[in-house]
Amino acid sequence: MIGKQKNNLIPDRVLIRENKAYLLDYKTGKPEEKYIKQLAKYEESLQEMGYEVAKKVILYMGVDDLNIIHL
């Protein structure tokens, strides 16, 4: 869990190296704008904690394909 809010945020994966954070979130189905906004909230919380977010990735897993979105 990350963040100082009452509703803690729970990203799928966060890697911290030195003062940099790398975010990875797994999704099924098709890409949606709400998922990009979700990662932006994770980024904001990590920045409030003093980390620089170096990379954000959404990994969409389908039955027959894999789609990687670099933000």
Exercise. Counting only residues that are open to solvent by 60 Å² or more (accessible area, probe 1.4 Å) and part of a strand (DSSP E or B), how many does segment 43-66 have?
Worked result: 4
For this session: Answer yes or no as to whether TYR22 is assigned to a strand (DSSP E or B), open to solvent by 80 Å² or more (accessible area, probe 1.4 Å) and aromatic (Phe, Trp, Tyr).
Result: yes
Exercise. So which residues in segment 29-42 are open to solvent by 100 Å² or more (accessible area, probe 1.4 Å) and under 10 Å from the mean Cα position of the chain (by Cα)?
Worked result: LYS37, LYS41
For this session: Mind listing just one residue for me: the one in segment 5-14 that is open to solvent by 80 Å² or more (accessible area, probe 1.4 Å) and without any contact (Cβ under 8 Å) to a residue 40 or more places away in the chain and, of those, farthest from MET61 (Cα to Cα)?
Result: LYS6
For this session: Identify all residues within segment 1-19 that are part of a loop (DSSP other than H, G, I, E, B) and at pLDDT 90 or above; write none if there are none.
Result: PRO11, ASP12, GLU18, ASN19
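The values are calculated or read from the model by the stated rules, or taken from the named source; none is laboratory data. If you're wondering where the values come from, they're calculated on a predicted model, not measured in any experiment. In this analysis, Cβ positions are derived from the backbone assuming ideal geometry, glycine residues included, and neighbour counts consider all displayed protein chains. These accessible areas exclude ligands, DNA and RNA; they are computed on the full protein's heavy atoms, side chains included. Shrake-Rupley method; radii C 1.70, N 1.55, O 1.52, S 1.80 Å.
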